[in-house]
Each structure stands twice: as structure tokens, then as C-alpha cells.
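Remarks on the structure that follows.
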Amino acid sequence: MYSSKGKVLFIILAMSFFAIPSLAGASGLAERIQSAYKGLRDVKGTFVQKSFMESLKKETVYKGNFEIKFPSRMRYVYTGNSSDEVIINKGSILIYQKKENQVLKGSFDSSTYGAAPVAFLGGLGDLKKDFNVSEEKGKKLILRPKGQLEGVRYIEVEPSEGGQFPIKSFILHDKYSNTVRISLEDVKANTGVRNSDFVFTPPKGVNIYDYNR
């Protein structure tokens, strides 16, 4: 279902990380990030995604807007050349591909991406359970999956300096030496994001593929 759009998979995985308010068992930088999460009900802003394909020596840039309502609602809308919209509402995922005139619907659970992302979405994750967590000179966190996580070798987490949200960007490294960097901009917290923002009504005439059936 999701393999046709690599950028969608990575944005879901990367942005899902921001929904985890617990970095239990870690110290230093991780504790500061965890502390900053306290009191967060929702966040929204813009993102820039730079995907580098090692085999092609090519970088592709995507931009968009995002909303997250803790613990399990997320919405990402790509802008520019891509117009995909991704909505995660608790245990379901919907991808609207405007150019293809289609909607893909499915479940977002352990059978889809594995246990770790589900824990992130539910706000129940313990990074020590799913990752080996290390800190690089107080400047960033390095997360290495203990098991398989969609081919991800490790994730770098860069903290922000001040602002309403404690994380500035993510860099995902996969087993093929490809990288995906997602930077957050203009992030605002606790603005009153509504549940209705995560309800999608397909346009008339769009093709709907429901993988839950």
C-alpha cells in the first residue's frame, strides 16, 4: 500500500517520533527534551524534507504543513510539486494522492510498520525498549533500532534552541546509505488543534482503495 510513495513512508515514520512524550531511561539531552514535552497538547508548523538517494546521487526536496494532536492524531499536507495529504487518526491511516485521483485507506498498527511506531503514536513508547540511545556531545541523540524498523539503521535527533518545540530536525539513515532529513519550521504549540482537522471527506469522483477490507 505505502511503498509507492517513499516520501510518505519516511515522513510518517519521522514525524511519528514527535508524538512520543517519553524518553524514559535516557539522560542529559534526552531528559531535557522529555521535560519540554510536558504540557504539550498539540503542535503545528511547516516542514522541509530532503531525501538523498545514494545510488542516484540525487537529492529531492519536499515541503509541507503538519499538525499533531497528542497522542495519536497527525496530518501532513505536502505543497508544491507534490500534493499528497496524509492523515493518521488513532489506528487508521489515509493517504490522499490528488494527482493520481485516489485515496488509500488502511490500518496503522504493528502489522504495518512494527511495534515501535505504534508506541510512538500512542504516546506509550519507551525508547530504551526499541532503540539503543546515545548522546553525541550534548548536541544530538543517536537512536539505533534494536530490531527491524523499515530498514532504518539509525536516526539522528537535533534539538532546537529555545522556541515552543524541543526538536529542530531528524535525519534518518537507512541500510542503503540513503538519508532523509526533516526540518521543522514555524512550530507553534497548544493552539487548539481540533479533532475535526483529522477527518477527511474524499472529493467527488475520487477512487478509494480500502485495504482494511
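Tabulated data
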| item | result |
| --- | --- |
| Qualifying residues in the stretch 56-85 (those that are free of Cβ contacts under 8 Å to residues at least 40 places away in the same chain and of a type in the set (A, V, I, L, M)) - the one farthest from R194 (Cα to Cα) | L56 |
| Any hit, the stretch 150-169, residues being within 20 Å of F131 (Cα to Cα), surrounded by fewer than 16 Cβ atoms within 10 Å (Cβ to Cβ), within 17 Å of the chain's Cα centre (by Cα) and among the small types (G, A, S) | yes |
| Some residue of the stretch 175-187 being under 18 Å from the mean Cα position of the chain (by Cα), closer than 16 Å to D42 by Cα and surrounded by 18 or more Cβ atoms within 10 Å (Cβ to Cβ) | yes |
| Residue ranges of helices (runs of 4 or more DSSP H) in the stretch 1-117 with at least 1 members farther than 22 Å from S183 by Cβ and modelled with pLDDT of 60 or more | 29-37 |
| Residue satisfying all of: in the stretch 160-197; hydroxyl-bearing (S, T, Y) and in contact with a strand residue (DSSP E or B) (Cβ under 6 Å, 6 or more places away or on another chain); nearest to Y78 (Cα to Cα) among these | S183 |
| Whichever residue in the stretch 188-213 is surrounded by 11 or more Cβ atoms within 10 Å (Cβ to Cβ) and of a type in the set (D, E, K, R) and, among such residues, is farthest from P71 (Cα to Cα) | K188 |
| Residues being exposed (fewer than 15 other Cβ atoms within 10 Å of the Cβ), in contact (Cβ under 8 Å) with a residue 24 or more places away in the chain and at negative phi - total across the stretch 36-45 | 1 |
| In the stretch 60-81, residue surrounded by the most Cβ atoms within 10 Å (Cβ to Cβ) [restricted to those that are more than 13 Å from the chain's Cα centre (by Cα) and polar (S, T, N, Q)] | T60 |
| Members of the stretch 198-213 that are aliphatic (A, V, I, L, M) and in contact with a strand residue (DSSP E or B) (Cβ under 7 Å, 6 or more places away or on another chain) | V206, I208 |
| Selected residue (criterion: modelled with the lowest pLDDT) from residues of the stretch 195-213 that are of a type outside the set (F, W, Y) and touching a Lys or Arg at 6+ places or on another chain (Cβ under 8 Å) | N212 |
| Selection count, the stretch 157-193, where residues are outside any strand (DSSP E or B) and either free of Cβ contacts under 8 Å to residues at least 40 places away in the same chain or farther than 24 Å from N89 by Cα (or both) | 8 |
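The values are calculated or read from the model by the stated rules, or taken from the named source; none is laboratory data. Since the model is a prediction, treat every value here as computed from it, not as a measurement. Every residue, glycine as well, gets a Cβ built from its backbone with ideal geometry; the counts of neighbours run over all protein chains shown.
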